[in-house]
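Every number here is computed from the coordinates shown, using simple stated rules; none is lab data. Keep in mind that what you see is a predicted model, and the values were worked out from it rather than measured. Note: ideal-geometry Cβ built from the backbone for every residue, glycine included; neighbour counts use all protein chains shown.
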Amino acid sequence: MTEERAAVEATAFQKILRGRRSIRRYLPAPVEREKLLACLEAARIAPSAHNVQPWRFIVVDDPELKDRLAAAAFSGIYSSSKFAARAPVILVLLARPGGTVVRIGAKLQGVSFNLIDMGIAGEHVVLQAEELGLATCWMGWFDYRKVRKVLRIPRKFKVVAMMPLGYAEKRPTREPPRKTLEEVVAFNRIPPD
């Protein structure tokens with residue numbers, strides 16, 4: 001598998017993947033509208049179960065609204081997430097429940113397909129942002145109810161995650177430790193524990 005790993009490491013896409021980090025310090029520089037739209041377009045074209053496309057995104061780039069959102073979402077036990085308020089853009093990722101076929105399939109399989117779909121679309125944003133020199137951070141630690149209230153999000157949407165987006169103040173250069181392919185992959189048998 002070492003030869004296979006060497007071939008994988010050489011691709012341009014692998015370089016994007018290896019360079020991507022969760023960034024918690026942002027420059028105050030605004031994000032160009034074209035780059036923001038490219039990230040959202042990357043999410044829009046993501047695949048989804050039964051092509052339901054459950055994703056919806058609220059782009060919060062108005063400074064006053066962003067401050068109100070951050071004050072509500074990152075207070076109290078969620079204060080460790082305040083770093084997101086320094087990013088020029090905060091994306092709020094929403095899921096709209098799928099149609100009957102997707103809901104029945106999710107029930108039978110015990111899998112929330114709309115959340116898988118949201119993960120795919122959100123990661124498309126992350127990878128497009130990385131390619132464009134932008135930084136992001138997936139966030140789940142915030143007050144969901146207050147986000148819903150500040151942004152007046154109807155109940156038909158599930159608040160899934162938030163994602164600050166902007167230019168990194170500083171990028172970590174060290175790659176975080178990762179398990180080897182041998183530790184996570186098995187061909188034609190059960191993978192290692």
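For the range 143-171, a tally of residues being assigned to a loop (DSSP other than H, G, I, E, B) and free of Cβ contacts under 8 Å to residues at least 60 places away in the same chain returns 3. Could you say whether any residue in the range 141-150 is crowded, with 17+ Cβ neighbours inside 10 Å, of a type in the set (A, V, I, L, M, F, W, C), more than 16 Å from the chain's Cα centre (by Cα) and within 17 Å of Ile58 (Cα to Cα)? Yes - at least one qualifying residue is present in the range 141-150.
Does the range 26-48 contain any residue that is surrounded by fewer than 14 Cβ atoms within 10 Å (Cβ to Cβ), in contact with a strand residue (DSSP E or B) (Cβ under 9 Å, 6 or more places away or on another chain) and of a type in the set (Gly, Ala, Ser)? So far as the range 26-48 goes, yes, one or more of its residues are surrounded by fewer than 14 Cβ atoms within 10 Å (Cβ to Cβ), in contact with a strand residue (DSSP E or B) (Cβ under 9 Å, 6 or more places away or on another chain) and of a type in the set (Gly, Ala, Ser). Residues in the range 124-142 that are touching a Cys at 6+ places or on another chain (Cβ under 8 Å) and assigned to a loop (DSSP other than H, G, I, E, B): Leu132, Leu134. The range 1-110 holds helices (runs of 4 or more DSSP H) entirely within its bounds, and those carrying 2 or more residues that are more than 26 Å from Arg145 (Cβ to Cβ) and among the aliphatic types (A, V, I, L, M) map to 2-9, 12-19, 33-44, 100-109. The residues of the range 79-100 that are surrounded by 16 or more Cβ atoms within 10 Å (Cβ to Cβ) and closer than 14 Å to Pro164 by Cβ, listed by number, are Ser81, Phe83, Ala84, Ala85, Arg86, Ala87, Pro88, Val89, Ile90, Leu91, Val92, Leu93.
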